[in-house]
Structures are given as C-alpha cells and as structure tokens.
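The values are calculated or read from the model by the stated rules, or taken from the named source; none is laboratory data. The model shown is predicted, which means the values in this text are computed figures rather than measured ones. Methodologically, a virtual Cβ is constructed for each residue, glycine included, from the backbone with ideal geometry; neighbour enumeration extends over all protein chains shown. What goes into the accessible areas is simple: the full protein's heavy atoms, side chains included, and nothing from ligands, DNA or RNA. Shrake-Rupley method; radii C 1.70, N 1.55, O 1.52, S 1.80 Å.
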Amino acid sequence: MFDLELYKPIPLEQTEALIRRITQYHPKRPNIEIEIKKLYSGYQGEKKLRYFLGLIPDKKYHIFHGLRLPIGNTYFQIDALLLSPKLTLIIESKNYAGTLIIEKDQLIQEVNESKEVYDNPLEQAICHKILLQYLLEKYQLPAAPIEVLAVMTRSSSVIKIVPGYHEAEKKIVKVGNLLRKIEELENRYTAERIDQKPIGKIKRLVLSKHTPLKIDVLRKFDIGIKEIIPGVCCPRCLHIPMQYRRQKWYCPVCELLSQDAYIEAINDHFLIIKNSLTNRELREFLHIPSSRQATYLLNQKKLPSTGSNKGRIYYQPN
C-alpha cells in the first residue's frame, strides 16, 4: 500500500509558476526552461516507477514515495522506500537518456556528441541506506534487512557497467525488470525479521519527519519581485491580467469569463513569493479594487489564518 503517494515536486510547481509570470523575452527565461525540462524529466521517471510499484499486491509492502528526511543539519531524499517484515528496500531512480556508462564513482551519460557526468545512483542509494540506518538507530527502531536498487526508468537508455563492477550488475536494473528483481530479493529474505508493531512505528516516524523540498525560486534564478507579473492568468489564452467584474474574472483578449481563475494566482503567490498573504497583498497581486472583495475570495478559498480583522494573515495549506 502507498503510505506516501507520488506528487508533482514542489520545485517543479514553483518553476512553472515563475515562468508564467515573467516576460516572454526575460533574460533568465532560457535557464528556467532548461530547469523545467530537467525537473519534469525526473518527475516522469518517478511516475514510471510508481506504475510498476503499483502492481505489487497491497499487503506486501508499505510504500513511500519521495521521502525527504532530516539528518543532522541537512536532509536526504529517498525516491521510494518499501517496508515489510522480511525486507526493507531503498530505490534510487533516474530517467537518463542515451548511453549510460556506470563506474564506481560516477555515471557518464552520452547523448549524441555530448557527455554529462553524474553521481553513481547506486552509491547514492547506498548512502541513503546508511543515513536511514542512522535515523532508525537514533530512535531505537529495528528494521528488516535493508537492500538497495538503482532503477533506470527510460526504456530507450543503454546501460554499460564497467567490467568487474559486480555489485552494479546485481543492483542496477531497468524499470521493466524491477518486479523480477524484487521477487529475487524476496526469495533471499524468506523469514520475517520484525512484526507489524515496529513497522507501524517506522511509518509514523518517517511520515512525521518528512519535509518536502521547497526552494527560494526567485533567489535561485536571481529575479526580483518587481519582475514578477501580477494579476490573474487566463486559463484559456494565458493573458495576464484578467479583470475582476462582479465576482468573476474577464479576459480582455479571448473574452473568457471564469469564477475560479484566481485560485491559480493565489497558489502562484505562495509558490513564488512567500507562503503567507494579507488582504492588502492579495489586492495588489490580483488587482482587486476593494478590501471587501478580497476578503470574500480569501474566505471562498478557506485558507488557514491567524490574527483578526486588518491583522489577519492567511497561509498556504499543507
């Protein structure tokens, strides 16, 4: 069963929101487009992994997607964690295209005439295994034996493992072979090492410690707040801003009328600028003429808030 489902990564949502709200000829636009392509590729790979993990019978494993857990003053992220009384499995997934030459210390990606060098995904998975062990030891929680796999999710990629690297030959697989590899591990670990009680404790621990990554997207691309285009974006033609008319939004370009187009604009504010919002900030960002109209929209969205009257602050939902 999936105890933590796969969701679109917040940095991808933030970067997509950012590119909606800069000019077509902004000098940082090419860099943002490259970043979106990279993040989207990773997300597509995780969706392929999610598909195959979804084929496993529900009662076999507790499955967690994209766990980001604290260790010391930093975090580590596990693409997929599978828990059972017999086996704990950590999966690192990559959606690289081209020919992948896997050496002990690195992965070399060859696409057409270009080469890129990345960390070895198997070594990343082994590192995450060690860090998970540290976390479980800190809270005195036993776990079934921990195994790791590196899964390549792009079917067209060619994997070349350097001669003699036997561990990689056993633990780096294409996603289409994942279920067979998990079955091999299950045939090796046939005895139950822990019961459901410690598994329940591990589940509660990792879910309580899970902290999704959110970036300062303006700082990342060195973009100022004044460069962000405010207003409601038309869901049909993408024109910004729409005009507010009697609790509806009107697009002056394609003449669309919408009652809820403002919701994406509020989400964009949370993703790009900050995770809190006042009535005044909403009026300025959405081009709303009155405080009363802004209050109506905020109440419609039912955002969590603190304070009262003019001091009320609204927050991004969890």
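For region 6-106, the relative contact order is 21 percent, taking Cα pairs closer than 8 Å that sit 6 or more residues apart in sequence and dividing their mean separation by the residue count. Ranking Ile229, Ala261, Leu271 by Cα position along the charge dipole of the chain, where only Lys, Arg, Asp and Glu carry charges on their C-beta atoms, puts Ala261 farthest toward the positive end. Of all lysines in the structure, the ones whose alpha carbon falls short of 22 Å from that of Lys197, not counting any fewer than 8 places away in one chain, are Lys59, Lys60, Lys86, Lys129, Lys138, Lys209. Normalising the average separation of contacting C-alpha pairs (under 8 angstrom, six or more residues apart) by the number of residues puts the relative contact order of region 108-244 at 17 percent. The GluC sites (Glu not before Pro) of region 1-97 that DSSP puts in a loop, and whose beta carbon has at most 15 other beta carbons within 10 Å, are Glu5.
For the chain, the list of Cys residues with no other Cys C-beta under 4.7 Å reads Cys127, Cys233. The length gained by stretching the chain between Leu55 and Glu186 to full extension, at 0.36 nm per residue less their Cα-Cα distance, is 45.6 nm. Calculated [222 nm] ellipticity per residue, helices only, for the chain: -11500 deg cm²/dmol; basis is -39500 (n - 2.57) per DSSP H run with n ≥ 4, divided by all residues, nearest 500.
Whenever you get a sec, compute what percent of the accessible area on region 182-318 sits on carbon and sulfur atoms (1.4 Å probe). About 46 percent, which is the carbon plus sulfur part of the accessible surface. Summed over the residues of the chain and divided among them, the accessible surface reaches 56 Å² per residue at a probe radius of 1.4 Å.
Computed packing ranks the peptides 306-314, 253-261, 225-233, 144-152 as 144-152, 225-233, 253-261, 306-314, most packed first, by mean other Cβ atoms within 10 Å. Within the same chain, lysines fewer than 8 places from Lys248 are excluded, and of the rest, those with a Cα less than 19 Å from its Cα are Lys301, Lys302. Subtracting the Cα-Cα distance of Gln106 and Lys214 from 0.36 nm times their residue separation leaves 36.2 nm of extension gain. With contacts taken as Cα pairs under 8 Å at a separation of at least 6 residues, the chain carries a relative contact order of 16 percent.
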